[in-house]
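The next block holds one structure in the form of structure tokens; read it before the comments.
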Amino acid sequence: MENRGYEPNDRRPIAARRLNVMNRLSAILVRAGVNANSISAAGMVCGLLAGSSLWYTSFTEPGMARIIWISAALLIQLRLLANLLDGMVAIASRTASRLGELFNEVPDRVSDT
């Protein structure tokens, strides 16, 4: 259950939030009805896949390992993008909630690990 009008208290200042491209992307996601918690979960999946890819590089031939390293790097960037956009979408769609803060933090900790 979302609490409309809930405002998180401790938004860290992140310069990328002011970029036009990020604001446009978050607006597109809001218009498409994408849930901020779904973005958080997708970011966690990207982080887990990146970690698994990095682990797998030690079991594969060097040529394939390079491709996996690049894939992992792209997955890490997608995870970071999701981490940025989940909060922006929650605020823009006015669906920020205490549960949403949990959805924001747990995937961060899993992905960090």
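Using R0 = 35 Å, the C-beta based FRET efficiency linking residue 59 and residue 20 works out to 0.25.
Which residues among the range 71-113 fall inside the zone where the amide N is under 18 Å from a point 7 Å beyond the Cα of residue 31, along Cα→Cβ? Within reach of a label on residue 31, which here means backbone N under 18 Å from a point 7 Å along Cα→Cβ, the range 71-113 contributes 88-94. Mean residue ellipticity at 222 nm, helices only, the chain: -24000 deg cm²/dmol; runs of at least 4 DSSP H residues each add -39,500 (n - 2.57), and the sum is divided by the number of residues.
For Rg and Dmax of the Cα atoms in Å, the candidate list reads (1) 12.4, 35; (2) 16.1, 55; (3) 15.8, 53; the entry that matches the value derived from this model is (3). Ordering 39, 14 by accessible surface, largest first, gives 14, 39; the 1.4 Å probe counts only protein heavy atoms, with every chain in place. Taken over the range 15-62, the alpha-carbon convex hull comes to 122 cubic angstrom per residue.
The values are calculated or read from the model by the stated rules, or taken from the named source; none is laboratory data. Because the structure is predicted, anything quoted here is derived from the model rather than measured. Quick reminder, even Gly has a Cβ in these numbers, built from the backbone with ideal geometry, and neighbours come from all protein chains shown. Heads up: the accessible areas ignore ligands, DNA and RNA and are worked out on the full protein's heavy atoms, side chains in. Shrake-Rupley method; radii C 1.70, N 1.55, O 1.52, S 1.80 Å.
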